[in-house]
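Readers should treat all values here as calculations from the given coordinates under stated rules, not as data from a laboratory. Here the structure is a predicted model, which means the values were calculated and not measured. Methodologically, a virtual Cβ is constructed for each residue, glycine included, from the backbone with ideal geometry; neighbour enumeration extends over all protein chains shown.
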Amino acid sequence: MRKAVGFLAVALLWNGAAVGCALPKAVAEPDGPPPTAQRWADAQERRAATVPSLSLRGHAQFEWRDSTGQHFDDGDFDIIFRAPSELCLRLSKLGQKALWIGSGGGQAWVIFLNEQPVRALHRLTRPNGRAPQMPHGGLEASMSGAARFFDPHQLAEALGIGRANAADVQSIAWDPVRAAWAVELPGRRVFVRGESLLPVGIEWMDAAGAITANCELSSFEWLRSEQAFPATESSKPLVPTRIRLEVWSGGRSRAQGAPDGVLVLAAGEPTDAAARIKPQMFSWDDVRGATRPEVIEAWE
């Protein structure tokens, strides 16, 4: 379970993640011009604005391979997200919490609760929530991709509620295999469909342009909330309840074969998290006090 939990952290907050088991047949490009960068950015901003908070609960299944072979494990997960970048994600196994990922107050953390001694990774984030490009210290040697753990904006993208700037768009082109518009951005490619430009997938690339992680979002459901949402179709908050993740590690990419890990999150109905939010869950000091990690690996 310890190795499985470690992989789950990599899959969720390092490069985001995955592609489905079977890709659809090629689909012809829709009639009319492609969406503009500004239209896409505006659509994502409206979408994110209608999801001030989000609660997802469900079952996680994950497979990974290492030097000892192929492995499989599963567990339950609980995500609470508050815009723009506060996060609490907990994984449990047989009723016992095994992993706690969080961000808030300009800090982010991953705590491995089933390790002995309990271990935490911690860092400061930039004002916009993004982690520094390169960490100080040796965490990359102990856990591949750790530098990407602490970017809550990437998880928001994987949930389909990320924000972006039109100025960052490099191109928009039809992808006949994904049956979606591919929005090219620095380090990633977001796939969107329909009049609402709903995000249905993401690819993350390394500096050389090789795909190191993919994400496919599906089984969308309306967000359940007491707040009144706009009536227009393009503004209704649809949230994916199934997220499939694939990650390549150790310098590998998709072009080099099968992924090193696959994670599937299957959630129940998405709800507004307002009633479940407690300020302590987004505070490093409070979380550290509650979980009492004996080892804290940090870079500032």
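Brief remarks follow.
- Residue order for LYS278, LYS93, fewest other beta carbons within 10 angstrom first, comes to LYS278, LYS93.
- Cβ-to-Cβ counts within 10 Å put VAL169, VAL110, VAL295 in ascending order as VAL295, VAL169, VAL110, the fewest first.
- Taken one residue at a time, the phi angles of region 252-257 give Karplus couplings (6.51, -1.76, 1.60, θ = phi - 60°) of 7, 9, 4, 5, 9, x Hz. Gly and Pro are set to x.
- Residues ILE243, ILE172, sorted so that the one with the fewest Cβ neighbours within 10 Å comes first: ILE172, ILE243
- Partner aspartates and glutamates whose Cα lies under 12 Å from the Cα of LYS97, excluding those fewer than 8 positions away in the same chain, are identified as ASP76, ASP78, GLU115.
- A Förster radius of 30 Å combined with the Cβ-Cβ distance from ARG65 to ALA167 puts the calculated FRET efficiency at roughly 0.15.
- When only alpha carbons are used to place a centre, region 249-300 and region 35-60 end up 19 Å from one another.
- Under a 5 Å amide H cut-off, with hydrogens placed 1.01 Å from N, LEU113 pairs with LEU99, TRP100 among residues at least 5 apart or on other chains.
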